[in-house]
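Q: The following block contains the structure, expressed as structure tokens.
The values are calculated or read from the model by the stated rules, or taken from the named source; none is laboratory data. As the structure is a computational prediction, the values presented were derived from the model and not from experiment. Neighbour counts are summed over all protein chains in view; Cβ atoms, including those assigned to glycine, are modelled from backbone coordinates with ideal geometry. Ligands, DNA and RNA are stripped out before the accessible areas are found, and what is left, the full protein with its side chains, is counted by its heavy atoms. Shrake-Rupley method; radii C 1.70, N 1.55, O 1.52, S 1.80 Å.
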Amino acid sequence: MKWLAPGNVRVASTKADLLPIKNMEVHVVNSSSLMNAAVSVVFPILSQSIKDQVHFHYSNFPSLHEHVGREVLPAEYGGLQENLNYTDLTNYLFKHEDYLNRSCIYGY
């Protein structure tokens, strides 16, 4: 919480606006009360473009399903994927880290 000073938030927001990613959205589900408190402090300071890219669904899965298709979500989030192996997914990301990093350079 000590890093949530207005100056730090403004600098982080400005840097986030400069990321070479064309379209990035963040969907937050089942956030803690501490995170909700932090967001209420930080959100008014963020740029409008960042506010438009961050979506808070809390535990409202129908709201999440409006943005992310149920066919790709695990069952615990109201999705249709029954047996997601998170270890395999993590290993896949690490294995393809170089490719993913190169893809982000030009905002794709």
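Q: In whole Hz, what ³J(HN,Hα) sequence does the stretch 24-37 give by Karplus (6.51, -1.76, 1.60; θ = phi - 60°), x for Gly and Pro?
A: Running phi through 6.51 cos²θ - 1.76 cosθ + 1.60 with θ = phi - 60° gives 10, 10, 10, 10, 9, 10, 6, 6, 7, 5, 5, 5, 4, 5 Hz.
Q: Right, next: Of all the accessible heavy-atom surface of the chain, with the other protein chains kept in place and a 1.4 Å probe, what percent is carbon and sulfur?
A: Working: 4760 of 8180 Å².
Looking at the chain in its full context, I get 58 percent from C and S.
Q: Hey, another quick one. Starting from the Cα gyration tensor of the stretch 7-91, take the square roots of the eigenvalues, sort them a ≥ b ≥ c, and report rounded, prolate or oblate (rounded when a/c is under 1.5, otherwise prolate if a/b is larger than b/c, else oblate). Provide the component values of the computation, followed by the final result.
A: Working: a/c = 2.13, a/b = 1.69, b/c = 1.26.
Judged from the Cα gyration tensor, the stretch 7-91 comes out prolate (a/c at least 1.5, a/b above b/c).
Q: Here is a follow-up. Let me know the shape class of the stretch 14-63, please: from the alpha-carbon gyration tensor, a ≥ b ≥ c as square roots of the eigenvalues, rounded when a/c is under 1.5, otherwise prolate if a/b is greater than b/c, or oblate. Walk me through the numbers before you get to the answer.
A: Values: a/c = 2.59, a/b = 1.41, b/c = 1.83.
Oblate, because a/c is 1.5 or more while a/b does not exceed b/c.
Q: Before rounding to the nearest 500, sum -39500 (n - 2.57) across all DSSP H runs of length at least 4 in the chain and divide by the residue total; then give [θ] at 222 nm in deg cm²/dmol. Mind showing how you got there, number by number?
A: On the way: 6 runs with 52 residues, N = 108.
My calculation for the chain gives -13500 deg cm²/dmol from helical runs alone.
Q: A follow-up question, please. Given contacts defined as C-alpha pairs under 8 Å and at least six residues apart, what's the relative contact order of the stretch 1-99, whole-number percent?
A: Details: 71 pairs, mean separation 23.1, N = 99.
Relative contact order here is 23 percent.
Q: What does the highest-first list of 27-37, 86-96 look like by mean Cβ count within 10 Å?
A: On the way: 27-37: 11.9, 86-96: 9.7.
Averaged packing, sorted descending, gives the order 27-37, 86-96.
Q: Also: Given the options 19, 69, 30, identify the residue whose Cα lies farthest towards the positive end of the charge dipole of the stretch 9-95 (+1 on Cβ of Lys, Arg; -1 on Cβ of Asp, Glu).
A: 19
Q: Treating the beta-carbon of each Lys and Arg as +1 and of each Asp and Glu as -1, no other charges, what is the dipole magnitude of the chain about its Cα centre, to the nearest 20 debye? Mind showing how you got there, number by number?
A: Numbers: 8 positive and 10 negative charges, 105 e Å.
With Lys and Arg at +1 and Asp and Glu at -1, about 500 debye.
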